[in-house]
Amino acid sequence: MQIKSKILKSLLGLIVCWAINSCSVDTPFNGILHQPDHHLLRNYGPKADRYVRQHLIDLLIEVALGAEYGSDIKLLKKWTTPMRLYVGSDLSPELQATLFDVINEINVLCTDGFYIEQTTDSLSSNTYLYAGPALDFAKRFTQLTPLVENHNGLIHVAYNDAYEITRAVIYVDTQHTLLVEQKHVLREELTQGMGLLNDLKYYPESIFYEAQSRGDSFSTFDKELIRLLYHPAFYPGMDSLRMHQTGKRILGL
């Protein structure tokens, strides 16, 4: 059985997440309320729509503020500038295509000015992606060496005193994993690098599901979590109460 864990360290604005053993001006809010891909509606009758909206807010707080280990800073962390991603290794055509797809899928969901772009200029980048053997990655990032042994993916993000994410490093193991696993890990770690750093113990179709998964697409819930986090009304440093109030206003609760 694949086991996954996340470790978050808040010291000096550092967050580290990883996956273990081969194996996340108001605008119209659409999607999950019209095309649910889950079973929440089954038992809630006329109140189902309201329940789904409330549940989405709860999920956002759990994924954006939660941490399995280490971090006790329960404040929202997100990018306020574009993510400029530099690839520091050779990607297979299939993995490059996945990266292209994930970037495009994320960008259409964000309405607060945030977007991800791939760059060939390492000096202007703020996010570094490496896909390859763990040993080679560890040579480049020696401080992360203890974290990559027997791990197939890693996201390391740094944030400032305003809880704005400013830098990220993404690692995908291509030596001990199948292509389908590499594509899943790339999607998961890139998405979690946006500030959605915790796993979910339920919703196996979600990219944030903590147990074994090889999903190569976002679930409807995943898309709505991204859309909600990168809505203009959400800002870094929010606590759970402010997030709950803001989410209710956006979703009309």
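The values are calculated or read from the model by the stated rules, or taken from the named source; none is laboratory data. As the structure is a prediction and not an experimental result, all values here were calculated from the model. Every residue, glycine as well, gets a Cβ built from its backbone with ideal geometry; the counts of neighbours run over all protein chains shown.
Structural remarks
- Scanning the stretch 192-229 for residues that are among the polar types (S, T, N, Q) and over 23 Å from Ile250 (Cβ atoms) yields a count of 3.
- Residue in the stretch 115-139 that is farthest from Phe100 (Cα to Cα), counting only those that are β-branched (Val, Ile, Thr) and over 17 Å from the mean Cα position of the chain (by Cα): Thr120
- Evaluation of Glu189 against (1) surrounded by 22 or more Cβ atoms within 10 Å (Cβ to Cβ); (2) farther than 20 Å from Thr80 by Cα (one fails), failing number: (2)
- Residue check, Phe218 crowded, with 20+ Cβ neighbours inside 10 Å, at pLDDT 95 or above, not in a helix (DSSP H, G or I) and not basic (Lys, Arg): no
- Pick from the stretch 150-186, criterion in a helix (DSSP H, G or I) and hydrophobic (A, V, I, L, M, F, W, C), ranking: surrounded by the most Cβ atoms within 10 Å (Cβ to Cβ): Val185
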